[in-house]
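For reference, the structure discussed in these notes is given below.
No value in this document is a laboratory result; all are computed from the given coordinates. Keep in mind the model is a prediction, meaning the values are calculated, not measured. Neighbour counts run over all protein chains shown; Cβ positions are idealised from the backbone, glycine included.
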Amino acid sequence: MSPLAVPEPLLLPVLVLAPPWLHAAWAAICAAVALLADRTAMPVASGVLVALSGPLALQLVRYALAEGEPITLAAILPAYLFPALLLDMGQRLVDEASALRLLLARARDLALVLATACAVLVVNGLGPRPSTHPMLEAAIALSAGLLSLELLCGLRRWLPAARLVYGATLVPAFFAARQAWRLFCGDAAPTETAIDVGILPLVNALLPAFLVPALLLFRLARQFPGGWARTAAGGSALLFALAFLDLAIRQLFRGAVIVAPASMAERFAALAAWLLFALACQGLAMRRPWPAARWLAAATVSAAAARLLLFETAVLSGGWLAASCALVAGVALALVAVRSRARA
């Protein structure tokens, strides 16, 4: 019996307007069904689990985008993490080669993205809902576009007209590119407008806006066997990762609002963070046979050198400039020495 054949429960209208404690109880029932399906390998129980997770998944949109009472941590747990857990269980119970498995996995990822955005919103006191914060709203839209793009790329094996699938990917790709433009240069850019990114270091609006899309783009790059699509996804992932490091350093120096020009100390610290990221990637490449890590290390050092020559030399002076040049040259020589030794 296919999980899609199981009808939605009649409690759907009730659960849409239910308080958080009722969702927690509903999630406990679903968890019991999931445990039964896992122990007995019953396809009917698997289908019931997928159907029961539907009402909870509707809360993702309700809590994130609807107007009303400010969200709280007590509402986030049953409204986001329980649906994510149930969707993860449902994904494991369906067939390995099922298109439904991909759909449930991407829905689970969207639940976790929304949970991260709302948790950042609550702990930093950034507003009642993500829809009222332009940076978080663009971050959620960007992640949704990237997950839709990844879903379409994964579905091409089940669809006979593969070219139509590639054509359909242009829609979420254009949507994601538009949201990325907003985060870097538009109304949601923290360096262009006076947006409150949060007072906590690292755990602030920069996390769902730049680090989460970087991870999604890294995973999306693995969907492509090679060529320009993989290079574009990998390059975009590196751009978001470096932007997160740069903005996180500026947030440590300046606090919640980082629209002011960066000081020489901030620029040097951001450059050092890029090079530490390159060394971390190279260390990962030495421990595991992952060619992408070596590519990331080389690309990051190249980006740091280009940044130093094109931008920082006009701003840095004295000891800051000398230290930056020495740091970039030292890391670049270290990477060359490590790779030469590995080849020998």
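Sort the following peptides by mean Cβ neighbour count (other Cβ atoms within 10 Å, averaged over residues), highest first: 141-154, 259-272, 319-332, 229-242.
Working: 141-154: 22.1, 259-272: 17.1, 319-332: 15.6, 229-242: 19.1.
Output ranking for 141-154, 259-272, 319-332, 229-242: 141-154, 229-242, 259-272, 319-332.
Arrange the following residues from fewest to most other Cβ atoms within 10 Å of their Cβ: V123, V197.
Values: V123 14, V197 27.
Ascending number of Cβ neighbours within 10 Å: V123, V197.
For the pair R343/R178, report the inter-label distance in nm, with labels modelled 7 Å from Cα in the Cβ direction.
Reported label-point gap for R343 and R178 is 4.6 nm.
Work through the residues other than S148 whose Cβ is under 15 Å from its Cβ and net out their charges, Lys, Arg +1 and Asp, Glu -1. Write out the running numbers ahead of the final one.
On the way: positive: R106, R108, R156, R178, R219; negative: D109, E150.
Summing Lys and Arg as +1 and Asp and Glu as -1 gives +3.
Convert 25 °C to kelvin, take the viscosity as 0.890 mPa s, use the Kirkwood radius over C-alpha pairs of region 102-230 as Rh, and evaluate the Stokes-Einstein diffusion coefficient in µm²/s, rounded to a whole number.
Stokes-Einstein gives a translational diffusion coefficient of 160 µm²/s.
Using the C-alpha atoms of region 262-344, what convex hull volume per residue, in cubic angstrom, is computed? Show your work: numbers first, answer last.
Details: hull volume 6.4 nm³, N = 83.
Measuring per residue, one finds 77 Å³ for the Cα hull of region 262-344.
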